[in-house]
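The values are calculated or read from the model by the stated rules, or taken from the named source; none is laboratory data. Since this is a predicted model, take the numbers as computed values, not measurements. For neighbour counting, all protein chains shown are included, and Cβ atoms are generated from backbone atoms with ideal geometry for every residue, glycine included. Accessible surface areas use protein heavy atoms only, side chains included; no ligands, DNA or RNA. Shrake-Rupley method; radii C 1.70, N 1.55, O 1.52, S 1.80 Å.
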Amino acid sequence: MKKGCIRMAYTESWSGKIGRKLIKKLHIIDVAAGREKADLVLKNAVFVNVFSGELEQGDIAVASGLIVGIGSYEGLSEVDVSGKIVCPGFVDAHIHLESSLVSPAEFARAVIPHGTTTVITDPHEITNVMGTDGIDYMMAATEGLPVDVQFMIPSCVPATPMDESGANLDHRDIDSFFEHPRVQGLAEMMNFPGIISADDATVAKIIVSQAHHKKIDGHAPGLRDKELNAYVAAGVYSDHECADLDDALAKLRLGQFIMIREGTAARNLEALMPLILSEKYYDRCMFCTDDKHPSDLLEKGHIDYICREAVRMGADPIRTVQVACLHAARYFLLNNRGAIAPGYLADFAIVDNLKDFNVVTVYKKGRLVYENGVVADFPLPQIPDYLNTKAHDTFHLPLPTAADFALTRPRGVIGMIPGQIVTFDAGYADRVDLERDILKIAVLERHKNTGHIGLGYLKGYGLKAGAVATSVAHDSHNIICVGATDEDMALAAAQIARNHGGIVVVKEGQVLAQLPLEIAGLMSDRPLPEVNDLLERAKAAAAALGVHGGIDPFMTLSFMSLPVIPTLRLTTRGVIDVNTQQYI
């Protein structure tokens, strides 16, 4: 009897699913052993061996989406990659897909040309708007994309009890999600005051994640000494908020992994380069972007950009690839990716050299998904109608008037720091003072029609006239607005509500530029280039009104309402001192 017939007869005794897996596994073994041809062979490959830390050469054989062998192989399809370098597909260890301002499918289309094949996302932006329906929406919207989207379940919805979001999730709400095969753990535990003070509701979320043997990511800028000990002892394994080397080393020495962030709003690579340059520390590091706007994705890139910058700053190229691929996969226990070796996913980012990291070809599970500037077509995920309808109807508030922004007493002034999302206490003010660069700032609750509007002042933004508003306002995503006059602030905020979300720039009663974000007030249904064009027009309009150069007028503004990053922030109830968790 022929081998195929013997195998078929043998596997017929197994149940359907097990039988199919057995046939696949036997095929993989036969190809690896050279008894059968591979589905794909990358011939004459020079590749990065992330285990030995060196460049190696050989044919790379692929079968059933896996790398099955390295050496000399024949394939049904053979591609000569001479003169290029094959890297494992890049991994982003922490990103909020919503920050791209486009749908997950459009995000995938944007990062594939940059060699990214896996991202670990925290959907807490949309979850703060839609609750657990937001998690379900993002899972549906990422199913089957040519970029693997793994999930960390939001830990802080809202970020703190002092904020107002569209939902309030406790450990019971999130427990069942940890059984999903694409869920890796509990996302950034921003409520570090809750952990340090041993708040039972906050700690319970860590316990349910640990019960499922999952990771817990951190978010604790500047935390030190016994407070940091308490935070790590609670079970928080990583941090991506390190803005300086001392902060990173304090956490690394206590066992945390450091996610080196280089995104749009926060760029920490240069400050943390000594970690990558050090033989002692680099294997505790991985790359992430956290938040990435359309222009950065289109003009700079993604993880490939961080690799390019790291090498420019003196990092060893192969070590850089290890940080960009293997370390995140190892940390998240994604044990079949991040390397080029038998048994690993056939995810390849093929570059022209290890200095510029120009990606020329990308394979996902052995399938060509990018070449010669063209992303291969892929089917769009199917989102259930009820989730799609809910995501496009998330604004519930009365349209504001100028009277809603009137102030009768002094309020706290949030002082901006150039290039940072941390702020300082700039005292008090009782009016807009353009000469001193003091503007009025407001946060309008938009989820439950409460009518709450928090008011304060902002120093360092630069606006000289008009107003700027956005519904991307971390993390509760109410409407945040800054302006020189109450009338323009009211117009900008009302236009956001009419558009079901987005970004608006106004002056003297006229809308100068706008970008509608119809999906939960966070993302657009439009293609990325169109979204980027509208966004850049809005940035230009804001700059023309005086917003300081070097400030992203919308992303920077969006962090002014996040009550877990020191020092002062604004919520729907007023200016808050993050360090004391008290209103001022």
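The set of residues in the range 103-148 that are in contact with a Lys or Arg (Cβ under 7 Å, 6 or more places away or on another chain) and of a type in the set (Val, Ile, Thr) comprises Thr117, Thr118.
Quick one: is Asp225 more than 22 Å from the chain's Cα centre (by Cα), charged (D, E, K, R) and on the phi > 0 side of the Ramachandran plot? First the steps, then the outcome.
Working: more than 22 Å from the chain's Cα centre (by Cα): yes; charged (D, E, K, R): yes; on the phi > 0 side of the Ramachandran plot: yes.
Here the answer is yes, as Asp225 does meet what is asked.
Scanning the range 147-164 for residues that are open to solvent by less than 10 Å² (accessible area, probe 1.4 Å) and not in a strand (DSSP E or B) returns Val147, Pro154, Ser155, Cys156, Val157, Ala159, Thr160.
Can you tell me which residue in the range 322-378 is nearest to Lys24 (Cα to Cα), limited to those that are assigned to a loop (DSSP other than H, G, I, E, B) and among the polar types (S, T, N, Q)? Show your work before the answer.
Restricting attention to the range 322-378, the residues satisfying the condition of being assigned to a loop (DSSP other than H, G, I, E, B) are 325, 332-344, 346-347, 352-358, 365-366, 372-373, 376-378.
Next, only the ones that are among the polar types (S, T, N, Q) stay: 335-336, 353, 358, 372.
On the way: Asn335: 19, Asn336: 16, Asn353: 35, Asn358: 34, Asn372: 32 Å.
Taking the candidates together, the pick is Asn336.
Among the candidates Ala271, Ala265, Ala234, which residue alone is buried (at least 19 other Cβ atoms within 10 Å of the Cβ), under 30 Å from Gly549 (Cβ atoms) and touching a helix residue (DSSP H, G or I) at 6+ places or on another chain (Cβ under 9 Å)? Walk me through it before giving the result.
Working: Ala271 fails: buried (at least 19 other Cβ atoms within 10 Å of the Cβ); Ala234 fails: under 30 Å from Gly549 (Cβ atoms).
Being buried (at least 19 other Cβ atoms within 10 Å of the Cβ), under 30 Å from Gly549 (Cβ atoms) and touching a helix residue (DSSP H, G or I) at 6+ places or on another chain (Cβ under 9 Å) holds for just one of Ala271, Ala265, Ala234, which is Ala265.
Out of the residues in the range 261-320 meeting the condition of being among the aromatic types (Phe, Trp, Tyr) and over 25 Å from Ser103 (Cα atoms), tell me which one is nearest to the chain's Cα centre (by Cα). Result: Tyr282.
Close Cβ contacts (under 6 Å, 6 or more residues apart or on different chains) running from residues in the range 401-419 that are over 15 Å from Gly483 (Cβ atoms) to residues that are of a type in the set (A, V, I, L, M, F, W, C) and in a loop (DSSP other than H, G, I, E, B) comprise Gly412/Ile584.
Are there any strands (runs of 3 or more DSSP E) wholly within the range 41-96 with 1 or more residues that are hydrophobic (A, V, I, L, M, F, W, C) and buried (at least 19 other Cβ atoms within 10 Å of the Cβ), and if so which? Explain how you work it out, then say what you get.
Numbers: elements: 54-63, 66-71, 75-80, 85-88, 90-95.
Hits in the range 41-96: 54-63, 66-71, 85-88, 90-95.
Within the range 102-121, being open to solvent by less than 10 Å² (accessible area, probe 1.4 Å) and either among the charged types (D, E, K, R) or touching a strand residue (DSSP E or B) at 6+ places or on another chain (Cβ under 6 Å) (or both) holds for Val102, Ile112, Gly115, Thr116, Thr117, Thr118, Val119, Ile120, Thr121. Taken together, the residues in the range 248-307 that are in contact (Cβ under 8 Å) with a residue 40 or more places away in the chain and of a type in the set (S, T, N, Q) amount to 3. In the set (1) farther than 13 Å from Ala469 by Cα; (2) in contact with a His (Cβ under 7 Å, 6 or more places away or on another chain), Ser558 fails one condition alone, (1).
Return the only residue of Lys440, Lys464 being open to solvent by 10 Å² or more (accessible area, probe 1.4 Å), basic (Lys, Arg) and assigned to a loop (DSSP other than H, G, I, E, B).
Values: Lys440 fails: assigned to a loop (DSSP other than H, G, I, E, B).
Exactly one residue qualifies, and that residue is Lys464.
Report whether or not Phe424 is in a loop (DSSP other than H, G, I, E, B) and touching a Ser or Thr at 6+ places or on another chain (Cβ under 9 Å). Judged against the criteria, Phe424 is not a match.
Residue by residue, here is whether (1) out of contact with any Ser or Thr (no Cβ under 7 Å at 6 or more places or on another chain); (2) in contact (Cβ under 8 Å) with a residue 24 or more places away in the chain; (3) at positive phi holds:
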| residue | (1), (2), (3) |
| --- | --- |
| Gly314 | yes, yes, yes |
| Arg319 | yes, yes, no |
| Asn335 | yes, no, no |
| Asp352 | yes, yes, no |
| Phe357 | yes, yes, yes |
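If we scan the range 191-210, do we find a residue that is surrounded by fewer than 22 Cβ atoms within 10 Å (Cβ to Cβ), of a type in the set (Lys, Arg), at pLDDT 95 or above and within 23 Å of the chain's Cα centre (by Cα)? Checking the range 191-210: not a single residue is surrounded by fewer than 22 Cβ atoms within 10 Å (Cβ to Cβ), of a type in the set (Lys, Arg), at pLDDT 95 or above and within 23 Å of the chain's Cα centre (by Cα).
When Lys448, Lys464 are checked against the criterion of being within 16 Å of Leu545 (Cβ to Cβ) and not hydrophobic (A, V, I, L, M, F, W, C), a single residue qualifies: Lys464.
Screening the range 15-40 for residues that are open to solvent by 50 Å² or more (accessible area, probe 1.4 Å) and hydrophobic (A, V, I, L, M, F, W, C) and picking the one that is modelled with the lowest pLDDT gives Ile18. The set of residues from the range 493-519 being under 28 Å from Leu387 (Cα atoms), of a type in the set (A, V, I, L, M, F, W, C) and either at pLDDT below 95 or more than 23 Å from the chain's Cα centre (by Cα) (or both) comprises Ala493, Ala494, Ile496, Ala497, Val504.
Within the bounds of the range 556-568, is there any residue that is open to solvent by 10 Å² or more (accessible area, probe 1.4 Å), in contact (Cβ under 8 Å) with a residue 24 or more places away in the chain and of a type in the set (Phe, Trp, Tyr)? Yes, the range 556-568 has at least one match. The condition (being surrounded by fewer than 17 Cβ atoms within 10 Å (Cβ to Cβ) and touching a Leu at 6+ places or on another chain (Cβ under 9 Å)) is satisfied by just one residue among Leu407, Leu345: Leu407. Residues in the range 117-138 include none that are under 25 Å from Ala324 (Cα atoms), part of a helix (DSSP H, G or I), β-branched (Val, Ile, Thr) and modelled with pLDDT of 95 or more. In the range 402-450, the qualifying residues are those that are out of contact with any strand residue (DSSP E or B) (no Cβ under 7 Å at 6 or more places or on another chain) and among the hydrophobic types (A, V, I, L, M, F, W, C), and the one that is nearest to Leu568 (Cα to Cα) is Val422.
Taken as a whole, the structure places Leu397 among residues that are closer than 30 Å to Glu518 by Cβ and either more than 22 Å from the chain's Cα centre (by Cα) or free of Cβ contacts under 8 Å to residues at least 60 places away in the same chain (or both).
Taken over the range 15-47, the criterion of being under 12 Å from Ile60 (Cα atoms) and aliphatic (A, V, I, L, M) is satisfied by Val31, Ala32, Ala38, Leu40, Val41, Leu42, Ala45, Val46.
Checking the condition closer than 19 Å to Val129 by Cβ, among the hydrophobic types (A, V, I, L, M, F, W, C) and either open to solvent by less than 10 Å² (accessible area, probe 1.4 Å) or within 26 Å of the chain's Cα centre (by Cα) (or both), which residue from Leu534, Leu522 passes? Walk me through how you get there before you give the answer.
Values: Leu534 fails: closer than 19 Å to Val129 by Cβ.
Result of the check over Leu534, Leu522: Leu522.
Answer yes or no as to whether Asp437 is more than 22 Å from Met555 (Cα to Cα) and among the acidic types (Asp, Glu).
Details: more than 22 Å from Met555 (Cα to Cα): no; among the acidic types (Asp, Glu): yes.
So Asp437 fails the test.
Among the residues of the range 342-353, at least one is touching an Asp or Glu at 6+ places or on another chain (Cβ under 9 Å), within 13 Å of Phe47 (Cα to Cα) and of a type outside the set (A, V, I, L, M, F, W, C).
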